[in-house]
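Just below is one structure, and these are the notes that go with it.
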Amino acid sequence: MKLKTRLPRQLDLASGQFIAADLHEHTTTAGMLAGLFEDQTAWAALPADTPIYTVAILPAPQQEGELLAGVTHLHPGRIGREFYMTRGHLHQRREQAEYYVGLRGHGLLLLRQAGEGVLEHVFPGSVHHIPPFTAHRLINTGSGTLSALAVWSAIAGHDYQALQPQGFGVRVMADGDGWRAEVQDA
Ligand SMILES: O=P(O)(O)OC[C@H]1O[C@H](O)[C@H](O)[C@@H](O)[C@@H]1O
């Protein structure tokens, strides 16, 4: 056997930044999120290039058995009364689960499976199991960037269409200094 020692890629736990040469980064701007936020007038008033969230992914071959790891950095902010959030999705391969770990900031993970919704608090060190067949979205209710590590199957895929047109059926709105969930399809 030949044995070698090597330095792995790293994740700075405080900032949520990967230290890796092969990182793939993608920023979602307000202009890419047409129809997502309730207040369409406020959305239209925001410059289309306003960054809402960036995802940094450690790539892996898209094949059975492989895993992807990514950190979502969701900026703080609101469109109208509604907090910034990710688009949210189901997996194309619905049976594939996922884990999130909160790294920085404070917010919520919205889970929806059939008629059941769950809001889990996200904070540094929070651990979230996203079961199979469950739509998921991050919401930043805090004043700083919300960063969360995700680990999921490389074959899971993203299905954004299945949530249209009803969406998650829940909106998280500013309420005084805090937040309030408004259920729309009770
Ligand atoms: O794909 P979105 O709903 O916009 O969420 C942004 C990203 O968040 C996490 O990192 C997920 O696990 C990724 O798979 C997802 O792409």
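May I ask you to list the residues in region 151-186 that are under 16 Å from the mean Cα position of the chain (by Cα), at pLDDT 95 or above and either open to solvent by 30 Å² or more (accessible area, probe 1.4 Å) or not aromatic (Phe, Trp, Tyr) (or both)?
Val151, Ser153, Ala156, Gly157, His158, Asp159, Tyr160, Val170, Arg171, Val172
Can you spot a residue in region 63-76 that is of a type outside the set (S, T, N, Q), open to solvent by less than 30 Å² (accessible area, probe 1.4 Å) and in a loop (DSSP other than H, G, I, E, B)?
no
State whether one or more residues within region 31-54 are within 13 Å of the ligand (Cβ to nearest atom) and small (Gly, Ala, Ser).
So far as region 31-54 goes, no, none of its residues is within 13 Å of the ligand (Cβ to nearest atom) and small (Gly, Ala, Ser).
Tell me, yes or no, whether region 108-115 has at least one residue that is modelled with pLDDT under 95 and in contact with a strand residue (DSSP E or B) (Cβ under 6 Å, 6 or more places away or on another chain).
No: zero hits.
Going through Leu36, Leu11, Leu7 one at a time, which residue ends up being part of a loop (DSSP other than H, G, I, E, B) and open to solvent by less than 60 Å² (accessible area, probe 1.4 Å)?
Matching residue, one of Leu36, Leu11, Leu7: Leu36.
Residue check: is Ala44 assigned to a loop (DSSP other than H, G, I, E, B), open to solvent by 60 Å² or more (accessible area, probe 1.4 Å) and without any contact (Cβ under 8 Å) to a residue 24 or more places away in the chain?
no
When the residues of region 85-107 are filtered to those that are part of a loop (DSSP other than H, G, I, E, B) and away from the ligand (no atom under 12 Å from the Cβ), which remaining residue is surrounded by the most Cβ atoms within 10 Å (Cβ to Cβ)?
Checked region 85-107; the qualifying residue surrounded by the most Cβ atoms within 10 Å (Cβ to Cβ) is Gly105.
Looking at region 109-147, which of the residues that are open to solvent by 30 Å² or more (accessible area, probe 1.4 Å) and of a type in the set (A, V, I, L, M, F, W, C) is farthest from the chain's Cα centre (by Cα)?
Taking the candidates together, the pick is Ala114.
The values are calculated or read from the model by the stated rules, or taken from the named source; none is laboratory data. Because the structure is predicted, anything quoted here is derived from the model rather than measured. Cβ coordinates were reconstructed from backbone atoms using ideal geometry, including for glycine residues, and neighbour counts include every protein chain displayed. For the accessible areas, the whole protein counts, side chains as well, though only heavy atoms, and no ligand, DNA or RNA atoms are used. Shrake-Rupley method; radii C 1.70, N 1.55, O 1.52, S 1.80 Å.
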